[in-house]
1. How would the chain be classified by its alpha-carbon gyration tensor: rounded, prolate or oblate, with rounded meaning a/c under 1.5 and the a/b versus b/c comparison settling the rest?
2. Give the residue list of trypsin sites (Lys or Arg not before Pro) in the range 318-413 that are DSSP loop and have at most 12 other beta-carbon atoms within 10 angstrom.
3. Rounded, prolate or oblate: which fits the range 365-476, taking a ≥ b ≥ c as square roots of the Cα gyration tensor eigenvalues, rounded meaning a/c under 1.5, else prolate when a/b beats b/c?
4. Under a crude label model (7 Å from the Cα following the beta-carbon direction), how far is residue 81 from residue 93 in nanometres?
5. Based on the Cβ-Cβ distance from residue 343 to residue 27, what FRET efficiency comes out when R0 is 56 Å, to the nearest 0.05?
6. Taking the Cα centroid of the range 79-114 and of the range 143-171, what is the distance between the two, rounded to the nearest whole Å?
7. Starting from the Cα-Cα distance between residue 10 and residue 361, subtract it from 0.36 nm times their residue separation and give me the gain in nm to one decimal.
8. Among 247, 353, 28, whose Cα projects farthest towards the positive end of the dipole of the chain, with charges put on the beta-carbon of Lys, Arg (+1) and Asp, Glu (-1)?
Amino acid sequence: MTKTIFEKTSVGRTGFTLPQNDVDAANGIPENFKRKVDANLPEVSELDVMRHFTELGAKNHSVEKGFYPLGSCTMKYNPKLNETLVRNAGFSNIHPLQPQETVQGALEILFELQQDLAEISGLPAVTLQPVAGAHGEFAGLKIMSAYHKAKENKKTKIILPDSAHGTNPASVILAGYEVVEIASNEKGMVDIEALKNAVDEETAGFMLTNPNTLGIFETQIEEIAEIIHRVDGLMYMDGANLNALLGIVKPGEIGFDIMHFNLHKTFATPHGGGGPGSGPVGVRADLEQFLPIPQISQNNGNYFLDFGHKQTSTGKIHSFYGNFAVNVRAYIYIKMLGENGMKRVSENAIINANYILKKLEKYYDIPFNEYCMHEFVASGNWQKEENGVSTFDIAKRILDKGYHAPTVYFPLIVKEAMMIEPTETESKETLDEFIEAMIEIAKEAKENPELLKTAPLNTPVKRVDDTLAVRQLNVKFKIGN
Ligand SMILES: *Cc1c(COP(=O)(O)O)cnc(C)c1O
C-alpha cells in the first residue's frame, strides 16, 4: 500500500529554504482574521514529494502510458510542442487587465482563432468565452432564447434525440426550456416521423450531436433542418464530436445555426482530469448580435475588446475572455495542421474506428452496425446472455490488459453499451493489440466467466464497490483511521 504524504512526515523536515523574513507581513491584519489553527501540512523534503507524486502518477492511466479508447471523450495524444509554446512567458506572464496596446499579440491570436473556428464550422461569428462543452451549450441556448425573445416568438421547448449526451437536457433546463425527447429509428438516427410529431409552433429548436453518440452520421440532416426552420426553430449542434468532421463537413453548411466546439477534445488540450477546457460557440451571421461580450475585433491591424453589441448581447458568460491557454493550444494545433492536416485527422479517426468495428463484429454484438464515424458502440449483450458476464466485468478486464476502458452504459439506448473511440493518433499496431485483447476477453467470458467477475487483478486498486462509494461518500483521509 502506498503511504499518504502525511504518513511520510518526519517532524521538522522541510522541502524549502527561505531567507529570514525581515518584514512583519502579519502586521496590521486584524486579530480575528489571523488563523490560529495548525495548518497540518506534511513535513517532507523536496525529494520525498517528487517520489511520492511520481509513484502515484505511475499508478494512474494516461494516454502517454497506454491506449485510451474512452468514447465521446476523444482522448488523443496532444503534441508536446503545444505545451512548450503555450508556456512562453509572452503568454503566461500577461494579465487580462493589462492595457490592450501591450497585449496585441495575444488579442491577435484570439481574433484569428475566432476566424479559424468560423472557417472550420461554416458559422461566421464565434465567441471563445465558454470554458467547457456544457458551458458552450448553455451559452448557445441563451443565444437561441435571445433570438426568440427579439422576435417575440412564444417558444417553450427544445427537442432532443434519446441518444443525446447527458449535458444536453441539463443545458436545456438551465436555459429555461422544456425537454422533448424523441426516439431514434432502427438505424440509430433521428426518426423523422417522431420529429414531425414532436414539432409545433412552440418548438424553440432542435439539439443534435452529429455524428451522434452512436458514432453514426445523421444523413437526413437537411430534411431535419427544414422541419425545424419551418416553425422558426433553430438548429443547435453539439460539436463535441467534431473530430470526425474536420475539413470534411461544415455544420453551418448543412443546416445548423449554432454550435459549440470542445477545444479540449478535438483541438489538443489534455483533459483527463476534467479540465481546464474551452467550449467556444459559433453562430450564423444574424445571431452575432447576441454573442457574449466582449468579442475580439480588429481595425486596421489594431486588435481590441469589442463591446459594440452590448445592448443585444446575452452578457458575459465567464470572467475575461475564456480559458486563454486552452485557446492558444487550439490556435497552435490548427496552424500547425492547416486545412489538409485537419482533414487527415478526421479521415484517420474514422478509419481507425471502422477498423476496430470490423475486427470485433464477430465477437461482440454491434446493435447499430453501420459505417461509423470516429467511434462506434459495441455491446456486451452476447456475453451477458450466454455467460452471465456484464459489460462492467468486461470493462474491468480491459484494465488488466493495460488499457483504459471504453465509455460504458452510454448511450442509454444500447444495452450493455461499450463506446469505443480510438482517435487518429493511434497506430495500426496499437489497434491490433487492443483488438487481440478484446478477442481474448470474449474467449475468457466463455471459458472462465468467474475470472472476469473478479477483474481487475493486475491494477493497483482492485474492484471498488461503486454503490457503497456513492452512498457513503467519504473523501477525507484521516491518519490512524
Ligand atoms: C464531452 C461532451 C459534452 C460535454 O463537454 P464538457 O466539456 O465535458 O462539458 C457534450 N456533448 C458530447 C457529445 C460530449 O461528448
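1. oblate
2. 362
3. It comes out rounded by the Cα gyration axes.
4. 2.5 nm
5. The pair residue 343/residue 27 has a calculated efficiency of 0.35.
6. 34 Å
7. Separation in residues times 0.36 nm, less the Cα-Cα distance, equals 120.7 nm.
8. Most positive-ward Cα: 28.
The values are calculated or read from the model by the stated rules, or taken from the named source; none is laboratory data. Keep in mind it's a predicted model, so treat the numbers as computed, not measured. Cβ: placed from backbone, ideal geometry, glycine included. Neighbour counts: every protein chain shown. Only protein heavy atoms, including side chains, enter the accessible area calculation; ligands, DNA and RNA are left aside. Shrake-Rupley method; radii C 1.70, N 1.55, O 1.52, S 1.80 Å.
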